[in-house]
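Notes to accompany the following structure.
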Amino acid sequence: MSLMNVRAPSGHKLCRFLRCKEMYYSNEAQRERVKNDPQSVFEGKLFWCEQTHKGDGPDAQACGAEECRPGRACYDA
């Protein structure tokens, strides 16, 4: 299971533009962690927006699993 398929801690789907480096690889330890505690996989991650390639989105607000959510103008699930 990749991080792209995990929901944010509050339950919404991740924005399709949200990225962190762990979304690009998977190893056995990560797969086990996602399976056992999917919400904890977001702790301590550095996120960026695929639209801006920065730590903030097109609306100049910070990126993150919780920050990039429905209701935000640039959010797209």
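All of the numbers you see were taken from the coordinates with simple rules; none came from a lab. Quick caveat: nothing in here was measured; it's all calculated off a predicted structure. Backbone-built Cβ (ideal geometry, glycine too); neighbour counts: all protein chains shown.
Observations
- Computed magnitude of the charge dipole of segment 1-44 (debye, nearest 20; Cβ of K, R +1, Cβ of D, E -1): 240
- Placing unit charges on each Cβ (+1 for Lys and Arg, -1 for Asp and Glu) gives segment 1-41 a dipole about its Cα centre, and among P38, P9, S26 the Cα reaching farthest toward its positive end belongs to P9.
- Here the relative contact order of the chain, from alpha carbon pairs under 8 Å that lie six or more residues apart, stands at 37 percent.
- For the chain, the fraction of alpha-carbon pairs in successive 5 Å shells from zero, as %: 3, 18, 29, 25, 16, 7, 3, 0
- For the peptides 57-66, 26-35, 12-21, 39-48, the ranking by packing is 12-21, 57-66, 39-48, 26-35, with the highest mean count of neighbouring Cβ atoms within 10 Å listed first.
- For the chain, a crude dipole built from +1 on the beta carbon of Lys and Arg and -1 on the beta carbon of Asp and Glu, taken about the Cα centre, is about 160 debye to the nearest 20.
- The chain, helix-only ellipticity at 222 nm - DSSP H runs n ≥ 4, -39,500 (n - 2.57), divided by all residues, nearest 500: -3500 deg cm²/dmol
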